[in-house]
Amino acid sequence: MLTRRAALAGLAALPLATAAAAQSDLRSVRVGGRQIDYLVRYASSAAAPMLLCFGGGDANQGIAEYYDAVYTPESVYRDHHVILPIGLPDRLFYSFDDGEARGLLEALAAAEPVTGRGLISGVSNGGRAAFRFAAAVPEAFRGFVVMPGAMVDDRVPETWRDYAILLAYGTEDHGWKAQTDQAFAALQGRVGALERVALAGQGHVVGPNYDIDPVYTRLRALETRLGR
């Protein structure tokens, strides 16, 4: 069976905006009078937790599609609905305030069959957004993975003492390794389970044929450590 990543490898020479994600629907919600589009790939027809994914840069549709194809797991967390918000032209998701973040999550929960506490993943600005949304609505999630990401403020909610948090970075992405180290130091002893992982040979954006599943497997192991 052709995997999403194997299919994308054949399109590696094309611009990101033309790399189509497999089996994802494009939908939209209204938040604060504005339309926010998103891609969704369902685990099944049943209600399930969501894996909320934030692409880097301005999280435009091409970036979201690349994230869907390359940065989402194929063998782990298959029981989660994958939701990838597409960025607004004038706002980055990590700049959302608490009310805006909560509004987006409430709109997604009303539109989609999501239940229970979910997970977040993000890269670059999307990694910042993972920190932002987990801090704004901590009760909605049970952990997150950034590949890479950085803290946008100093908040570490008490709820994060039950969080599994994985901080990944490319070994060739030296500036973001430093930010990863800073986040790791700030979170030490203040969250449920925490780990850093280096993505060997990768820069700021992993290649289209990179196997991201071991990263999510490490996140799953952190959850197991917390008794989940």
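The values are calculated or read from the model by the stated rules, or taken from the named source; none is laboratory data. In this text, all values refer to a predicted model and were calculated from it rather than measured experimentally. Don't worry about glycine lacking a Cβ; one is built from the backbone with ideal geometry, like all the others, and counts go over all protein chains shown. With ligands, DNA and RNA removed, areas are computed over all heavy atoms of the protein, side chains included. Shrake-Rupley method; radii C 1.70, N 1.55, O 1.52, S 1.80 Å.
Key figures
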| quantity | calculated |
| --- | --- |
| Residues of segment 201-214 satisfying the condition of being over 17 Å from SER121 (Cβ atoms) and open to solvent by 70 Å² or more (accessible area, probe 1.4 Å) | ASN209 |
| Scan of segment 143-158 for residues that are in contact (Cβ under 8 Å) with a residue 40 or more places away in the chain, in contact with a Leu (Cβ under 9 Å, 6 or more places away or on another chain) and either surrounded by fewer than 20 Cβ atoms within 10 Å (Cβ to Cβ) or part of a loop (DSSP other than H, G, I, E, B) (or both), ordered by number | MET147, PRO148 |
| Matching residues, segment 159-192, being surrounded by 15 or more Cβ atoms within 10 Å (Cβ to Cβ), acidic (Asp, Glu) and not in a loop (DSSP other than H, G, I, E, B) | ASP162 |
| Set ASP90, ASP98: member being under 23 Å from LEU187 (Cα atoms), charged (D, E, K, R), over 16 Å from the mean Cα position of the chain (by Cα) and open to solvent by 20 Å² or more (accessible area, probe 1.4 Å) | ASP98 |
| Selection count, segment 121-178, where residues are aromatic (Phe, Trp, Tyr) and closer than 14 Å to VAL197 by Cβ | 3 |
| Filter pass, ASP98 being among the charged types (D, E, K, R) and free of Cβ contacts under 8 Å to residues at least 12 places away in the same chain | no |
| Given (1) open to solvent by 10 Å² or more (accessible area, probe 1.4 Å); (2) within 30 Å of SER24 (Cα to Cα); (3) free of Cβ contacts under 8 Å to residues at least 40 places away in the same chain; (4) more than 14 Å from the chain's Cα centre (by Cα), index of the condition GLY103 fails | (3) |
| Any hit, segment 110-118, residues being open to solvent by less than 20 Å² (accessible area, probe 1.4 Å), out of contact with any Pro (no Cβ under 6 Å at 6 or more places or on another chain) and assigned to a strand (DSSP E or B) | no |
| ILE83 being β-branched (Val, Ile, Thr) and either open to solvent by less than 10 Å² (accessible area, probe 1.4 Å) or not in a helix (DSSP H, G or I) (or both) | yes |
| Number of the condition not met by THR217 [criteria: (1) in a helix (DSSP H, G or I); (2) closer than 21 Å to TYR67 by Cβ; (3) over 18 Å from the mean Cα position of the chain (by Cα)] | (3) |
| Checking ALA198 against (1) surrounded by fewer than 21 Cβ atoms within 10 Å (Cβ to Cβ); (2) in contact with a helix residue (DSSP H, G or I) (Cβ under 7 Å, 6 or more places away or on another chain); (3) assigned to a strand (DSSP E or B), the condition it does not meet | (2) |
| Residues located in segment 129-138, provided they are outside any loop (DSSP other than H, G, I, E, B), surrounded by fewer than 24 Cβ atoms within 10 Å (Cβ to Cβ) and in contact with a helix residue (DSSP H, G or I) (Cβ under 6 Å, 6 or more places away or on another chain) | ALA136, PRO138 |
| Pairs where the first residue, in segment 47-72, is among the hydroxyl-bearing types (Ser, Thr, Tyr) and the second is at pLDDT 95 or above and part of a helix (DSSP H, G or I), C-beta under 8 Å, 6+ apart | TYR67/GLY126 |
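A quick yes/no check of all residues on (1) β-branched (Val, Ile, Thr); (2) under 17 Å from GLY55 (Cα atoms):
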{"residue": "ASP154", "(1), (2)": "no, no"}
{"residue": "PRO157", "(1), (2)": "no, no"}
{"residue": "ASP181", "(1), (2)": "no, no"}
{"residue": "PHE184", "(1), (2)": "no, no"}
{"residue": "VAL197", "(1), (2)": "yes, no"}
{"residue": "ALA200", "(1), (2)": "no, no"}
{"residue": "TYR210", "(1), (2)": "no, yes"}
